[in-house]
Amino acid sequence: DAKTTQPTSMDCAEGRAANLPCNHSTISGNEYVYWYRQIHSQGPQYIIHGLKNNETNEMASLIITEDRKSSTLILPHATLRDTAVYYCIFPPGDGGSNYKLTFGKGTLLTVNP
Amino acid sequence: EAQVTQNPRYLITVTGKKLTVTCSQNMNHEYMSWYRQDPGLGLRQIYYSMNVEVTDKGDVPEGYKVSRKEKRNFPLILESPSPNQTSLYFCASSLSLASIHEQYFGPGTRLTVT
């Protein structure tokens, strides 16, 4: 998967919104932005994905800038259980032989009491 | 509950002793995959399967085998494990090619080969 840039770590107070940014300036027109998270030593968990419109589901909201070069994942009311590494990726849109997920280093979000 | 299960969750074994890690999903997913995760190396794909009887190599297939005789099961076989296969292993599945990147992961199997 192509390169994204995320902060190494962020802190958030419990009950507040967590806003996790991601830069993906090389994304092309047909490539979706995906967000996953991984709680320590557990399996990665799919959160949300989007192409150009903002998306919301029961876990989070995804805001994608108009030029699609960056996005923000929003956890509206962070809890201690949201402490995890969050990964932003954009897999190649044509699929082809790339039927895999490749994560970068992600952002370690720590939710504090 | 929709889920991907793996067994065992933890395994300590010795070099050369064949082992199988099972993976099962109850979501009728077509695509299944095995990854290993190592510190500093991230998630690397071992093998994947697009459907029953269809499997293909990922990035690090050496030393591993897989089979997909039924849609729900995708076991990972280490015929002769070696210490460099000590790792955290994840099985994942997704509904179809159209949603290939929306993958659901199992809880992981931590394997130690001595």
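Observations on the structure shown:
- Once the stretch B:64-103 is narrowed to residues that are of a type in the set (S, T, N, Q) and touching a Gly at 6+ places or on another chain (Cβ under 9 Å), the residue that is surrounded by the most Cβ atoms within 10 Å (Cβ to Cβ) is B:Ser93.
- Among the residues of the stretch B:45-66, those identified as within 17 Å of B:Val113 (Cβ to Cβ) and assigned to a strand (DSSP E or B) are B:Ile46, B:Lys65.
- Flag if A:Thr5 is within 13 Å of chain B (Cβ to nearest Cβ) and polar (S, T, N, Q): no
- Across the stretch A:83-92, a minimum of one residue is classified as within 30 Å of B:Val54 (Cβ to Cβ), assigned to a loop (DSSP other than H, G, I, E, B) and touching a Leu at 6+ places or on another chain (Cβ under 9 Å).
- The residue of the stretch B:80-102 that is nearest to the chain's Cα centre (by Cα), among those that are at the interface with chain A (Cβ under 10 Å from one of its Cβ atoms) and within 8 Å of B:Tyr31 (Cβ to Cβ), is B:Ser94.
- From the list A:Ala17, A:Ala84, the one residue that fits, being modelled with pLDDT of 90 or more and closer than 20 Å to B:Asp38 by Cα, is A:Ala84.
- Looking across the stretch A:23-46 at every residue that is closer than 13 Å to A:Thr4 by Cβ and aromatic (Phe, Trp, Tyr), the one that is nearest to the other protein chains (Cβ to nearest Cβ) is identified as A:Tyr34.
- Taken as a whole, the structure places B:Lys65 among residues that are over 20 Å from B:Gln103 (Cα atoms), among the charged types (D, E, K, R) and under 11 Å from the mean Cα position of the chain (by Cα).
- Boolean, A:Pro91 is within 14 Å of chain B (Cβ to nearest Cβ), within 13 Å of the chain's Cα centre (by Cα), surrounded by fewer than 21 Cβ atoms within 10 Å (Cβ to Cβ) and closer than 24 Å to B:Tyr47 by Cα: yes
- Exactly one residue out of A:Lys52, A:Lys105 is at pLDDT below 95, away from chain B (no Cβ under 14 Å) and within 16 Å of the chain's Cα centre (by Cα), and it is A:Lys52.
- Selection count where residues are surrounded by fewer than 19 Cβ atoms within 10 Å (Cβ to Cβ) and on the phi < 0 side of the Ramachandran plot, scope the stretch B:38-50: 5
- B:Ile77, sole failed condition from (1) within 14 Å of another protein chain (Cβ to nearest Cβ); (2) farther than 30 Å from A:His49 by Cβ: (1)
- Hey, B:Pro8 away from every other protein chain (no Cβ under 12 Å) and of a type outside the set (Gly, Ala, Ser) or not: yes
- Tally of residues being surrounded by fewer than 12 Cβ atoms within 10 Å (Cβ to Cβ) and on the phi < 0 side of the Ramachandran plot across the stretch A:29-66: 7
- Whenever a residue of the stretch B:41-60 is within 14 Å of A:Phe103 (Cα to Cα), its partners that are not in a strand (DSSP E or B), lying with C-beta atoms within less than 6 angstrom and at least six residues away or across chains, give the pairs B:Gly42/A:Phe103; B:Leu43/A:Phe103; B:Arg44/B:Asp59; B:Arg44/B:Val60; B:Gln45/A:Lys100; B:Gln45/B:Gly58; B:Gln45/B:Asp59.
- In the stretch A:1-55, residue nearest to B:Cys91 (Cα to Cα) [restricted to those that are of a type in the set (Ser, Thr, Tyr) and in a loop (DSSP other than H, G, I, E, B)]: A:Ser41
The values are calculated or read from the model by the stated rules, or taken from the named source; none is laboratory data. The structure presented is a predicted model; accordingly, all values stated were derived computationally and were not measured. FYI the Cβ positions are ideal-geometry reconstructions off the backbone, even for glycines, and counts take in every protein chain you see.
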